[in-house]
Amino acid sequence: MAGEQLQVLNALDVAKTQWYHFTAIIIAGMGFFTDAYDLFCISLVTKLLGRIYYHVDGAEKPGSLPPNVSAAVNGVAFCGTLAGQLFFGWLGDKLGRKKVYGMTLMLMVICSVASGLSFGHTPKSVMATLCFFRFWLGFGIGGDYPLSATIMSEYANKKTRGAFIAAVFAMQGFGILAGGIFAIILSSSFNAMFEAPSYEVDALRSTVPQADYVWRIILMVGALPAALTYYWRMKMPETARYTALVAKNAKQAASDMSKVLQMDIEAEPQKIEQIKEQKSRFGLFTKEFAKRHGLHLLGTTSTWFLLDIAFYSQNLFQKDIFSAIGWIPSAKSMNAIDEVYRIARAQTLIALCSTVPGYWFTVAFIDKMGRFAIQLMGFFFMTVFMFALAIPYDHWTHKDNRIGFVIMYSLTFFFANFGPNATTFVVPAEIFPARFRSTCHGISAASGKLGAIVGAFGFLYLAQNQDKDKADAGYPAGIGVKNSLIVLGVVNALGFLFTFLVPESKGKSLEEMSGENEDNEPQGEAEPPSSSGRRTAPVA
């Protein structure tokens, strides 16, 4: 490394793991817990929405959301998330991480509550208001991606930075799990209080009027964890890397981190002047940026895009896959609330056995194996298991083989999370310069959400039966679940290839990875930060 590290940044890089690291993980992680709950809880209630608002008298099957409504309800939050990632990612580099962090959280709290209060006298108006609030909920969630990743990367030390950023992202697994568990408890309670026959016994009475409260409560509860962390987010100081390298306020950065690290740190204004002179040479949309980081940005955007096509297709539509193989009984054999219970139970089992462990395997091994190896391995096994499900698909639909199908399907989730779903979040927060870090992470994440939109809208149509008469009401014939799984296998294989564009950042400082010290003249050995022995209460 040609240049010399600022003392305050060096202190962060070599700091031992302390309480403030864990507070930062919890504060940033609760945002991700909320993100996952809010994004994925909609898949628990879409079939219920169809029964309540699109019931057809005399129909053989329960009501279901029309194709355009289903696509909108499932996908509109992703559209909001994409916009939020780009906007708040850019804003995080302009105004600072901390200022923007509070805005995103309040937006999530307000829109979670508003989603559950969706109003109107007709199905169309209820769905329209639901989609409106889900879009803005997604917009807030979008800001959480670049800001949480950037804040955690800028607070962490070199040795365990990957694990800390991955731990923030791993809270997503607990959010998915919490959504499923809460839906199980709520649907069980409502089922016990308001008994109803199955659809085939009595179509009208199978959906009790109180079922309308079930989906509203499930959506609104997502506001609670976000609201509880707002105070602590506002207490966190701005990251030293933003304050020193972007805002150019060395004194404030040293003061903030002295409190957090509980040691004396020198301000070093003379080095900030050097940075000021030498670090404004190129902007984001310049040839110099393209030369230094263009391939890196292509690598992070393409791998996240391809990963999310497969990951979100699987997550949002696993209820349809479970129904197709017969793991969830036919809709007409259940009442409306019982169907919510069965879907939630299946998704919770998958989350518990594969999704959550996969995230924490990444946390445990990312700083040992490295980001590159984990991402490559994840894409490889996702490809293998997807083809293993797709090619002998007819074999898996037989009743005796359902458990095998669920195990194989769970393994694709496990290797998504002990693989690219975690690493695509970690790497963009480490390899770009501080003044572009939040923006580039936002661009990478938005590319992922574009993939999620392709997955959410595309899989909805692709997975329909090839025989139009057997497709869901209102849907055109698709290519079938088998061929859809083959397409997802090919997508995963492409992700494996594009991983070769992504650099390894294990054990390196953020400035070393981004090249921010390259142009600085060596100034001699940096003095280690002196510990005065004084104790100051941590701010973070």
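Please work out which one of (1) in contact (Cβ under 8 Å) with a residue 12 or more places away in the chain; (2) farther than 20 Å from residue 40 by Cα; (3) part of a helix (DSSP H, G or I); (4) open to solvent by 10 Å² or more (accessible area, probe 1.4 Å) is the condition residue 476 fails and give its number.
With respect to (1) in contact (Cβ under 8 Å) with a residue 12 or more places away in the chain; (2) farther than 20 Å from residue 40 by Cα; (3) part of a helix (DSSP H, G or I); (4) open to solvent by 10 Å² or more (accessible area, probe 1.4 Å), residue 476 is out only on (3).
Determine which member of the set 220, 171, 234, 193 is closer than 30 Å to residue 155 by Cβ and either open to solvent by 40 Å² or more (accessible area, probe 1.4 Å) or free of Cβ contacts under 8 Å to residues at least 12 places away in the same chain (or both).
Working: 220 fails: closer than 30 Å to residue 155 by Cβ; 171 fails: either open to solvent by 40 Å² or more (accessible area, probe 1.4 Å) or free of Cβ contacts under 8 Å to residues at least 12 places away in the same chain (or both); 193 fails: closer than 30 Å to residue 155 by Cβ.
None of the others qualify; the one that does is 234.
Could you tell me which numbered condition residue 101 fails, if it satisfies all but one of (1) surrounded by 20 or more Cβ atoms within 10 Å (Cβ to Cβ); (2) under 28 Å from residue 413 (Cα atoms)?
All conditions pass for residue 101, except number (2).
Looking at 6, 12, can you tell me which residue is over 29 Å from the mean Cα position of the chain (by Cα) and in contact (Cβ under 8 Å) with a residue 60 or more places away in the chain?
Values: 12 fails: over 29 Å from the mean Cα position of the chain (by Cα).
That would be 6, the only listed residue that is over 29 Å from the mean Cα position of the chain (by Cα) and in contact (Cβ under 8 Å) with a residue 60 or more places away in the chain.
Could you count how many residues in the stretch 411-435 are closer than 19 Å to residue 482 by Cβ and either touching a His at 6+ places or on another chain (Cβ under 8 Å) or surrounded by fewer than 23 Cβ atoms within 10 Å (Cβ to Cβ) (or both)?
Qualifying residue count for the region: 1.
Hey, does the stretch 67-83 have a residue that's outside any helix (DSSP H, G or I), at negative phi and surrounded by fewer than 24 Cβ atoms within 10 Å (Cβ to Cβ)?
no
Considering only the stretch 481-497, I want to know if a residue exists there that is touching a Gly at 6+ places or on another chain (Cβ under 9 Å) and within 30 Å of residue 91 (Cα to Cα).
yes
I'm trying to understand the selection: among the residues of the stretch 174-183, which are open to solvent by less than 40 Å² (accessible area, probe 1.4 Å) and either under 18 Å from residue 339 (Cα atoms) or out of contact with any Asp or Glu (no Cβ under 7 Å at 6 or more places or on another chain) (or both)? Full working, then the answer.
Initial filter on the stretch 174-183 (open to solvent by less than 40 Å² (accessible area, probe 1.4 Å)): 175-180, 183.
The answer is 176, 177, 178, 179, 180, 183.
If you scan the stretch 150-185, which residues turn out to be of a type in the set (Ser, Thr, Tyr) and under 16 Å from the mean Cα position of the chain (by Cα)?
So in the stretch 150-185, the residues of a type in the set (Ser, Thr, Tyr) come out as 150, 153, 155, 160.
The answer is 150, and nothing else.
Has the stretch 205-221 got at least one residue that is touching an Asp or Glu at 6+ places or on another chain (Cβ under 9 Å), modelled with pLDDT of 85 or more, in a loop (DSSP other than H, G, I, E, B) and within 24 Å of residue 141 (Cβ to Cβ)?
Going through the stretch 205-221, the residues touching an Asp or Glu at 6+ places or on another chain (Cβ under 9 Å) turn out to be 206, 208, 219.
If we keep only those that are modelled with pLDDT of 85 or more as well, we get 206, 208, 219.
Next, only the ones that are in a loop (DSSP other than H, G, I, E, B) stay: 206, 208.
Remaining after also requiring within 24 Å of residue 141 (Cβ to Cβ): none.
No, the stretch 205-221 has no match at all.
The values are calculated or read from the model by the stated rules, or taken from the named source; none is laboratory data. Model, not experiment: these values are computed from the prediction. Here the Cβ is made from the backbone with ideal geometry for all residues, glycine too, and neighbour counts use every protein chain on show. Quick note on the areas: whole protein, heavy atoms, side chains included, nothing else; ligands and nucleic acids left out. Shrake-Rupley method; radii C 1.70, N 1.55, O 1.52, S 1.80 Å.
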